[in-house]
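Report on the following structure.
Where a number appears in this text, it was derived from the coordinates with a stated rule and is not lab data. Fair warning: this is a prediction, and the values are worked out from it, not measured in the lab. Don't worry about glycine lacking a Cβ; one is built from the backbone with ideal geometry, like all the others, and counts go over all protein chains shown.
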Amino acid sequence: MSDWDSHPPGEPSVVEVRTSATAALIPTIRAVASDLAARADFDLDAISDLRMAVDEACATLVDVAAPASMLQCTFRVHAEHIEVHAHVHAGSADATVSTDTFGWRVLQTLADHVEALRQDSVVGADHAGPTVGIRLDKHAGMPPR
Amino acid sequence: MLDPTKPRPSPGPGELGVTFEQPDARHALLVVDGEIDTLTAGSLERALTELLEDTSEVLVIDLSAVTFLASSGLAVLIRAAHQAGERRLRLVSTARAVRRPMEITGSDQLFDLYPDRAAALSPEE
């Protein structure tokens, strides 16, 4: 995992973290984010920003997650940026990622790109609520904002 | 009512160390230790409420041992700054984990920032 160079150029390294959707495990996920950014030679501000952004995204999703459900967080580590996609199965049918909060504004400031995702539950799925997620992208350093 | 807080040697995940000190007649000091996120923002909020009830002239919050500050914690600090009104809160930290979130949100303007506790407790400049 530490040897990025063995990877074909242009292909991202992929790291997936899957945890119970509980706030108690978010410190673990943000530590992974921080570690990946450090290994990818992000500058110190960008490492700090990604750690906070991932924390913010996960905290937002854990809030709407169905009881006893899982939080999945996928990191795609490219040469100059890391793309993060996190999602949960929401508890209620009308659940959505709230984008009118202070936390969301902070997330927009931290990440170079961020979007809220939502997909209705398919018929016959083992969960009733929609899948809600957040995708964000962070550049290694000195990004044009 | 708040429990009197005890100093804790090293807070684990989900725990926040909060300690009150009264260095002299003019200053009240709150020392915070650990990670401020959704798990611990409530502890910080309770501690700040208690600090704001203090009638000391100068309120100092030492965040030197804080290693993470999420928006939930930032929101609590910002509310405290508004509640403090004319008594501008003094924050102590040089850590990127604290300075960076404050800078990018512009909330550093709401506080007087100091590099160390001695500077924050020094007589008026």
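Order by neighbour count: A:Ile29, A:Ile82, B:Ile78, fewest other Cβ atoms within 10 Å first, most last. Write out the running numbers ahead of the final one.
Details: A:Ile29 23, A:Ile82 26, B:Ile78 17.
With the fewest neighbours first, A:Ile29, A:Ile82, B:Ile78 line up as B:Ile78, A:Ile29, A:Ile82.
Just tell me, in residue order, which DSSP H segments of chain A are both 18 angstrom or longer along the helix axis (alpha-carbon based) and at least -1.0 in mean Kyte-Doolittle hydropathy. Numbers along the way, then the final one.
Values: long enough: A:26-39 (20 Å, 0.61); A:44-64 (31 Å, 0.79).
TM-like helix candidates: A:26-39, A:44-64.
Relative to the Cα centre, the charge distribution of chain A, modelled as +1 at Lys and Arg Cβ and -1 at Asp and Glu Cβ, gives a dipole magnitude of about 280 debye.
Karplus-based coupling profile of region B:25-33, in residue order and whole Hz: 5, 8, 10, 10, 10, 10, 9, 10, 9, with θ = phi - 60° in 6.51 cos²θ - 1.76 cosθ + 1.60 and x standing for Gly or Pro. Working note: 222 nm ellipticity from helices only, DSSP H runs with n ≥ 4, each -39,500 (n - 2.57), summed and divided by the residues of chain B, gives -10000 deg cm²/dmol to the nearest 500.
All alpha carbon pair distances within region A:14-139 were sorted into 5 Å bins beginning at 0; the resulting P(r) in whole percents reads 2, 12, 24, 23, 19, 11, 6, 2, 0, 0.
Positive-end ranking of A:Ala86, A:Val106, A:Met70 along the dipole of region A:14-139, with charges on Cβ about the Cα centre, is headed by A:Met70. Note: relative contact order over chain A, using C-alpha pairs below 8 Å and six or more positions apart, is 26 percent.
Fewest neighbouring Cβ atoms within 10 Å first, the residues A:Thr109, A:Thr96 line up as A:Thr96, A:Thr109.
Amide H contacts of B:Leu113: B:Leu91, each under 5 Å away and 5 or more positions distant or on a separate chain (H built 1.01 Å from N in the peptide plane; Pro and chain starts excluded).
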